[in-house]
Amino acid sequence: QPHLVESGGGLVQPGGSLRLSCVASGFTLDYKVVGWFRQAPGKEREGVSCMTSSSGSTKYAESVKGRFTIARDNARNSVYLEMNSLKPEDTGVYFCAVDTTPRYTTAQDTCVLTPFPFRSWGQGTQVTVSS
């Protein structure tokens, strides 16, 4: 069974940094698109960042560009989100997501910041930015 587990969330002051990790089990991240999403209380889940499988191309939400960096380590079956210069509006539950459909060709290897087509989701890790 595909399974994702996030870690690294916590309470941080504005301007601080956190590094989220996501470990996949039950399947390999090879040829898979990966992403991070977040959900604040009372708001819809929004895409934060995604990365393609082979080319390593990335996309970021406008609100996090220049502050967040997504990375992956297929050898460790892991995905990371480095978050710097955190703001109170970054507060929320952060979810790791994987599109479990393999992308074998360049044409297929694209990513989007929408919940579809990500099919496997972690349980989320809480990030709170507050002084």
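Choose one answer from Gly47, Gly35, Gly26: the residue with the largest mean-square fluctuation in a GNM of the chain with alpha-carbon springs under 10 Å. Maximum among the listed residues: Gly26.
Placing +1 on the Cβ of every Lys and Arg and -1 on the Cβ of every Asp and Glu, with no other charges, gives segment 2-68 a dipole of roughly 140 debye about its Cα centre.
What dipole magnitude, in Debye to the nearest 20, does the chain give about its Cα centre under +1 on Lys/Arg Cβ and -1 on Asp/Glu Cβ? If you can, show how the numbers build up before the last one.
Details: 13 positive and 11 negative charges, 6 e Å.
Using only the charged Cβ atoms, the result is roughly 20 debye.
The tail of the calculated P(r) for the chain, taken as Cα-Cα distances beyond 26 Å, holds 16 percent of the pairs.
Sequence-ordered 3J(HN,Hα) estimates for segment 122-130 from the Karplus curve with 6.51, -1.76 and 1.60 and θ = phi - 60° stand at x, 7, x, 9, 7, 10, 10, 10, 7 Hz, glycine and proline given as x.
Rolling a 1.4 Å probe over the protein heavy atoms gives the chain an accessible area of 50 Å² per residue. Taking the 1.4 Å solvent-accessible surface of segment 1-108 as the whole, the part contributed by carbon and sulfur is 50%. May I ask for the net charge around Val93, where only other residues with Cβ less than 11 Å from the Cβ of Val93 are counted and Lys, Arg are +1 while Asp, Glu are -1? So the surrounding residues net to +2.
Backbone phi angles across segment 67-75, fed through the Karplus curve with coefficients 6.51, -1.76 and 1.60 (θ = phi - 60°), yield HN-Hα couplings of 10, 10, 9, 8, 8, 9, 9, 5, 5 Hz in residue order; Gly and Pro are listed as x.
Largest mean-square fluctuation among Tyr80, Tyr94, Tyr104, in a Gaussian network model of the chain whose springs join Cα atoms under 10 Å apart, belongs to Tyr104.
Phi angles of segment 84-90 translate, via the Karplus equation with coefficients 6.51, -1.76, 1.60 and θ = phi - 60°, into HN-Hα couplings of 10, 6, 5, 10, x, 6, 7 Hz per residue; Gly and Pro are given as x.
The values are calculated or read from the model by the stated rules, or taken from the named source; none is laboratory data. Since the structure is predicted, the reported quantities are computational estimates derived from the model, not experimental observations. Cβ atoms come from the backbone with ideal geometry, glycine included; neighbour counts cover every protein chain shown. Surface accessibility is based on the protein's heavy atoms, side chains included, excluding ligands, DNA and RNA. Shrake-Rupley method; radii C 1.70, N 1.55, O 1.52, S 1.80 Å.
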